[in-house]
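These notes concern the structure reproduced below.
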Amino acid sequence: MSKDVHVAFIGNPNCGKTTLFNAYTGAHLKVANWPGVTVEKKEGAMQFHNENYKLVDLPGIYSLTSYTMEEQVSRQYILDDEVDIVVDVADASSLERNLYLALQLIELGKPMVLALNMMDIVEERGMDIDFHRLPEMLGIPVVPVSARKKRGLEILMHAVAHHQGEKIKDKIEHHHGEEILNRKHRHNHHKDCVVVYSDEIEDKIDIIEEALVEKYGQLPNLRWHAIKELVQDKEIIEKYPLEFA
């Protein structure tokens, strides 16, 4: 018997994530608390094309920092558990704000699909989203959905089924043009990164990566760990302390 495909639903508060989660799981839902904390844990199950899926509705968060219990729970689940694919549910009517979390998830390198929810509101407001350009820029599948009206749900599951277990192959950076091409050449082992920073920051990330490998071996999500060391993420610097001359 093949193992269940583990799907983590994540997103900002009030993005319609739980509505989307409930649309898939229906009555097949288990509610408890995460171990050791009072944060609610929702798990559900569904079948799609004869494959079993375990769905987890993570707490609504704005970023992958570890300041709140909800952020800690969500981050640890994605980092530590056997998540096959992440579905980042974003409010399409407030896309810029919601993309902050999406970019942090992309830096983790986990298989991922971006579900742009509340497309009915986008249409009502006469807004326009370029669904050809956005996936190219982010390097991940982007699917328009409306959880409230149950639109796009099957297309989203097709994307999940197709991309689960597939590492993100990042295609393009925040910035474009010759400058970025030169920077990618200079930092050629980061050529697969969506988010490329200034030369000064990339140099620091390189140094921290080398220090992490030398002291702790080849960590999973090495670049993400290096970035968290750089921004002095409390949990990461306590878990992987480094000393620089």
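The values are calculated or read from the model by the stated rules, or taken from the named source; none is laboratory data. The structure presented is a predicted model; accordingly, all values stated were derived computationally and were not measured. As a convention, Cβ positions derive from the backbone with ideal geometry for all residues, glycine included, and neighbour counts pool all protein chains shown.
Kindly evaluate Leu116 against the criterion of being at pLDDT 90 or above, crowded, with 18+ Cβ neighbours inside 10 Å and within 21 Å of Val196 (Cβ to Cβ). Step through it out loud before you land on a result.
On the way: at pLDDT 90 or above: yes; crowded, with 18+ Cβ neighbours inside 10 Å: yes; within 21 Å of Val196 (Cβ to Cβ): no.
Answer is no for this residue.
Evaluate the following for Val37: is it assigned to a loop (DSSP other than H, G, I, E, B) and more than 22 Å from Leu105 (Cα to Cα)? Spell out the reasoning first.
Details: assigned to a loop (DSSP other than H, G, I, E, B): yes; more than 22 Å from Leu105 (Cα to Cα): yes.
Yes, satisfied.
Against the conditions (1) aliphatic (A, V, I, L, M); (2) at pLDDT 90 or above; (3) out of contact with any strand residue (DSSP E or B) (no Cβ under 8 Å at 6 or more places or on another chain), Leu79 satisfies every one except (2). Ile106: surrounded by 17 or more Cβ atoms within 10 Å (Cβ to Cβ), β-branched (Val, Ile, Thr) and in a loop (DSSP other than H, G, I, E, B), yes or no? No. Could you tell me whether the range 91-98 includes any residue that is among the aliphatic types (A, V, I, L, M), more than 11 Å from the chain's Cα centre (by Cα) and modelled with pLDDT of 95 or more? Checked against the condition, which is being among the aliphatic types (A, V, I, L, M), more than 11 Å from the chain's Cα centre (by Cα) and modelled with pLDDT of 95 or more, the range 91-98 yields at least one hit.
Scanning the range 4-33 for residues that are touching a residue at least 40 places away in the same chain (Cβ under 8 Å), surrounded by fewer than 21 Cβ atoms within 10 Å (Cβ to Cβ) and assigned to a loop (DSSP other than H, G, I, E, B) returns Asp4, Pro13, Asn14. Filtering the range 58-101 to residues that are surrounded by fewer than 17 Cβ atoms within 10 Å (Cβ to Cβ), closer than 27 Å to Gly126 by Cβ and of a type in the set (S, T, N, Q) leaves only Ser94. Quick check on Met127: is it surrounded by 13 or more Cβ atoms within 10 Å (Cβ to Cβ) and either in a loop (DSSP other than H, G, I, E, B) or at pLDDT below 95 (or both)? No; evaluated as a whole, the condition is false for this residue.
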